[in-house]
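Step one of this worksheet: look at the structure below.
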Amino acid sequence: MKKIFFLLIVFVGLDAQAQINGVTEKGFGIVNLERHQFKFDLLSPGISYELGLFKNVSASGGLGFGYATYEEGYAVGLTLHTRVRYYHNFNRRKRMNKNVSGNSGNYIAAARSIFFSQVRLATNIDGPDDFNLGVYGVTYGIQRTYENGFNFNAELGAGYYRGDGVPSGYGPLINFTFGWVATNRKSRKPTFD
């Protein structure tokens, strides 16, 4: 706990020092990422939020309807998604004069999704009526945000499914969202760092 607190103080201090010196978004800064991105998911429906943490690293969370399938069966219902994303192709996209605003890029993510029993619509998994199901894994995804604010995100990966009172197992992680970004975005004009 002390180490985490120390690291937090160091990162806050580095950010404050950079702002005092007039240097922004260099080093550990979020050169290409949006600091805050709030999105309404129209397809699932739901909401999501992405926070730029460091250069090319963000954390995101969303609430919407999802589908889980693994060795033991499937579940459909309200889902809480959380991701830690590492965007790996911002510089390449800029060199090719492509859009990077709205976190338009490709990423690798540590993924977690929780399917809640209280708002489950359907399942064929044997177990108690009130089980929650969690999936933990890794995904590869692409996200694109367009000038009019529309956004799509597609992910594919694999994970370990673990439930309360139901068998655990392995299965795919597939996620697709289409929505609208409600927050302001950085300029679409590519800038080189």
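Under a point spin-label approximation (7 Å from Cα along Cα-to-Cβ), what is the LEU43-ASN148 distance to one decimal in nm?
For LEU43 paired with ASN148, the spin-label model returns 1.7 nm.
Could you work out the relative contact order of the range 31-144, using alpha carbon pairs under 8 angstrom and six or more residues apart, expressed as a whole percent?
Working: 260 pairs, mean separation 25.8, N = 114.
With pairs under 8 Å counted, the relative contact order is 23 percent.
If you take the charge dipole of the range 26-102 about its Cα centre, with +1 on Lys and Arg Cβ and -1 on Asp and Glu Cβ, which of ILE47, HIS36, MET96 is farthest toward its positive end?
The Cα lying farthest towards the positive end belongs to MET96.
Between ALA110 and LEU156, take the C-beta separation as r, use R0 = 22 Å, and let me know the FRET efficiency to the nearest 0.05.
Numbers: r = 15 Å, r/R0 = 0.66.
Given R0 = 22 Å and the Cβ-Cβ separation, E is 0.90.
Based on the Cα atoms of the range 98-193, what semi-axes does the equivalent ellipsoid have, where each is the square root of 5 times one gyration tensor eigenvalue, given in whole Å with the largest first?
Values: eigenvalues 245, 45, 16 Å².
So the equivalent ellipsoid measures 35, 15, 9 Å along its semi-axes.
What ranking do THR82, THR177 get, fewest neighbouring Cβ atoms within 10 angstrom at the top? Intermediate results must be reported in sequence, preceding the final value.
Working: THR82 14, THR177 23.
Lowest count first: THR82, THR177.
Any read-out appearing in this document is the output of simple, stated calculations on the displayed coordinates, not a laboratory observation. Fair warning: this is a prediction, and the values are worked out from it, not measured in the lab. Glycine gets a Cβ as well: all are built from the backbone with ideal geometry, and neighbour counts include every protein chain shown.
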